[in-house]
Amino acid sequence: MKLFSTIGAYLLMLKGMFTKPENFKMYWKELMHQSVEIGMGSLWIVTIISLFMGAVSAVQTAYQLTSPMLPKETIAQVVRDTVILEFAPTLVCIVLAGVVGSKIAGELGNMRVSEQIDALEIMGINTKSYLIGPKIIAALITIPLLVVLAMVLGIYGGRLAGSLGGILSGETYDRGLLINFFPKNVWFALVKAYTFAFIISSVSSFFGYNVKGGSLEIGRASTTAVITSCILILFADYILAFFIL
Amino acid sequence: MIEIKNVCKSFGDKEILNDISAVMETGMTNLIIGTSGSGKTVLQKCMVGLFEVDKGDIIFDGKNLTNMAQEDRKELRQQIGMLFQGSALFDSMTVEQNVKFPLDMFTKWNHQKKIERVNDVLARVELKDTNKKYPSEISGGMKKRVGIARAIVLRPKYLFCDEPNSGLDPQTSMVIDKLIHEITKEYNITTVINTHDMNSVMEIGENILYLYNGKKEWEGSSKDIIFNKNKKLNEFIFASEFLRDAKDMRMLEEKGIVDNDRNMEKIMREGGANLLMNDDDKSE
């Protein structure tokens, strides 16, 4: 029963966002602020994770490809496809659920507990559209960009690890990247990125916005937001793979 | 003027407000007092529309908040300023940005005009050289002043203050009370204050509503409080022996038996309570 009422409250929150902005300029300012917070704030962690993700993927693929019958280019193909299909969108978004999700839930939770949300409501501002709307749109803009960056860096990380570790040369790796490349995979990864971005931002906003109590509850809301986002990301990952691939 | 008519509010099975009716007068400091859990915060939140009432009406100068369309409610809210218990300043903004925020959101003024208004209200609450400071860099009393400045920057018709003195020392509390009282008179606004503070009750309570267990128990002014015979109110207001003595003194003052220092020797000798008793007996 509680699950249904939570889903209902979540849907009502999303519905409540769709109103005419009180002042478009202020909403735009907030959107830019959130884009910087979410995008630039996560840039370093995404860069580091992506490079190592590609590197480890290259080393482990090489370790498993023991047959001399398989060409070295296969390593590049495996790294490319795993990075594009799974690692960049899913793994990066799970990390972002932790980084961005906890930040959003904590920020909104603190605003709720310290009555800042009430203060905005009393001013006549629709807090759902002013506080949550820009966060969701900013996530939908920046997270897919971060995922694209993760794809590029992941593949480059694999090339770097392959050439530095003497597994395969850069030229062989580049050749392998072009074999059996399906652009649909990139499109599929972007669909996943948009879906996960929406999940991370909206779920975290929901738990942060509805915090009741004090600082302890803010911490709990952040944890719940991250856990719920991760579970929903994995669930959505399976559903999308099942229906699109 | 704000009229509260037969307001009821429950959370689940728990009844918080039971048939409350009152009038909050314009140009006056209207106080809602009561023990913790008596429903004063809930009543104030119902009045500003943060909670929906189960029954009854809340009427702002003839406009009924309870059956108002969302757009009209938004418009009305722009005429409401509120000072929160914890000030509710936006942490990521400076004092100036906090006060300017309602102007940015609801006016099309140029930057210069906004800054002029911000400086004007900051000067009114006697805050100087704090424009570029963040809320974390200023004291509790200063935060309250910034909260008041933000609440009045759009020149509201109604000002709500939720426990404006909580967490402040008695001297700063008096300054904040005085400020709210002066602003109420100066801008002729309807001010509603939730408070526990007995100094506030006695100093600025022009129209006082006492709630007990979600019901209206008593209504009157600070002068009426001195002579009130309501047992529950007296137990609440004059909880300590010190306050009971202060009440006796104030009664003597009001009745003209004592004028501050005059007759002190007699009072010390005979006791204020005896003098009052004799005086009451005489009048009867």
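The values are calculated or read from the model by the stated rules, or taken from the named source; none is laboratory data. Bear in mind the structure is a predicted one, so any value in this text is a computation, not a measurement. Cβ placement follows ideal geometry from the backbone for every residue including glycine, while neighbour counts extend to all protein chains displayed.
Residues in segment A:172-204 that are closer than 21 Å to residue A:7 by Cβ and of a type in the set (Gly, Ala, Ser): A:197, A:201, A:202, A:204. Note on segment A:13-24: residues that are within 14 Å of chain B (Cβ to nearest Cβ) and part of a helix (DSSP H, G or I) total 3.
Does residue B:110 count as within 21 Å of residue A:21 (Cα to Cα) and either within 23 Å of the chain's Cα centre (by Cα) or not assigned by TED's automatic domain parsing to the domain that holds residue B:171 (or both)? Break it down stepwise before answering.
Numbers: within 21 Å of residue A:21 (Cα to Cα): yes; either within 23 Å of the chain's Cα centre (by Cα) or not assigned by TED's automatic domain parsing to the domain that holds residue B:171 (or both): no.
For residue B:110, the condition - within 21 Å of residue A:21 (Cα to Cα) and either within 23 Å of the chain's Cα centre (by Cα) or not assigned by TED's automatic domain parsing to the domain that holds residue B:171 (or both) - is not met.
Just one residue in the set A:10, A:27 is within 14 Å of chain B (Cβ to nearest Cβ), aromatic (Phe, Trp, Tyr) and in a helix (DSSP H, G or I); that residue is A:27.
Screening residue B:115 against (1) in a loop (DSSP other than H, G, I, E, B); (2) away from chain A (no Cβ under 14 Å) leaves a single unmet condition, (1). Only a single item in (1) buried (at least 17 other Cβ atoms within 10 Å of the Cβ); (2) over 30 Å from residue B:40 (Cα atoms) is not met by residue B:157, and it is number (2).
Would you confirm whether any residue within segment B:73-82 is farther than 19 Å from residue B:158 by Cβ and modelled with pLDDT of 90 or more? No, segment B:73-82 contains no residue that is farther than 19 Å from residue B:158 by Cβ and modelled with pLDDT of 90 or more.
Here residue A:193 meets the list (1) among the hydrophobic types (A, V, I, L, M, F, W, C); (2) surrounded by 17 or more Cβ atoms within 10 Å (Cβ to Cβ); (3) out of contact with any helix residue (DSSP H, G or I) (no Cβ under 9 Å at 6 or more places or on another chain) almost entirely, failing just condition (3). Just one residue in the set A:221, A:197, A:161, A:138 is in contact with a Phe, Trp or Tyr (Cβ under 7 Å, 6 or more places away or on another chain) and in contact (Cβ under 8 Å) with a residue 60 or more places away in the chain; that residue is A:221. For segment B:118-138, a residue qualifies if it is closer than 19 Å to residue B:82 by Cα and assigned to a loop (DSSP other than H, G, I, E, B), and the qualifying residues are B:125, B:126, B:127.
Taking segment B:37-56 as the range and being closer than 18 Å to residue B:219 by Cα and surrounded by fewer than 21 Cβ atoms within 10 Å (Cβ to Cβ) as the test, the residues that pass are B:41, B:44. Of everything in segment B:69-106, what is of a type in the set (A, V, I, L, M, F, W, C), farther than 22 Å from residue B:135 by Cβ and not in a loop (DSSP other than H, G, I, E, B)? Give them in sequence order. Residue satisfying the conditions is B:76 alone.
Of the numbered criteria (1) within 22 Å of residue B:11 (Cβ to Cβ); (2) more than 8 Å from chain A (Cβ to nearest Cβ); (3) β-branched (Val, Ile, Thr), the one residue B:48 fails is (2). When you check residue B:159 against the structure, is it in a loop (DSSP other than H, G, I, E, B), under 22 Å from residue B:199 (Cβ atoms) and either within 14 Å of chain A (Cβ to nearest Cβ) or at pLDDT below 90 (or both), yes or no? No, not satisfied. If you go through segment A:140-172 and keep only what is β-branched (Val, Ile, Thr) and within 10 Å of residue A:58 (Cβ to Cβ), you end up with A:155, A:167. For residue A:40, the stated conditions hold: it is away from chain B (no Cβ under 13 Å), out of contact with any Ser or Thr (no Cβ under 7 Å at 6 or more places or on another chain) and surrounded by fewer than 15 Cβ atoms within 10 Å (Cβ to Cβ).
Look at segment A:112-128: where a residue is more than 9 Å from chain B (Cβ to nearest Cβ) and aliphatic (A, V, I, L, M), no partner that is surrounded by fewer than 21 Cβ atoms within 10 Å (Cβ to Cβ) and in a helix (DSSP H, G or I) sits 6+ places away or on another chain with Cβ atoms under 6 Å.
Is it the case that some residue within segment A:147-155 is more than 11 Å from chain B (Cβ to nearest Cβ), of a type in the set (Gly, Ala, Ser) and more than 20 Å from residue B:98 (Cα to Cα)? Scanning segment A:147-155, I find at least one residue that is more than 11 Å from chain B (Cβ to nearest Cβ), of a type in the set (Gly, Ala, Ser) and more than 20 Å from residue B:98 (Cα to Cα), so the answer is yes. Considering segment B:60-106, and only residues there that are within 16 Å of residue B:117 (Cβ to Cβ) and aliphatic (A, V, I, L, M), the residue that is nearest to the other protein chains (Cβ to nearest Cβ) turns out to be B:105.
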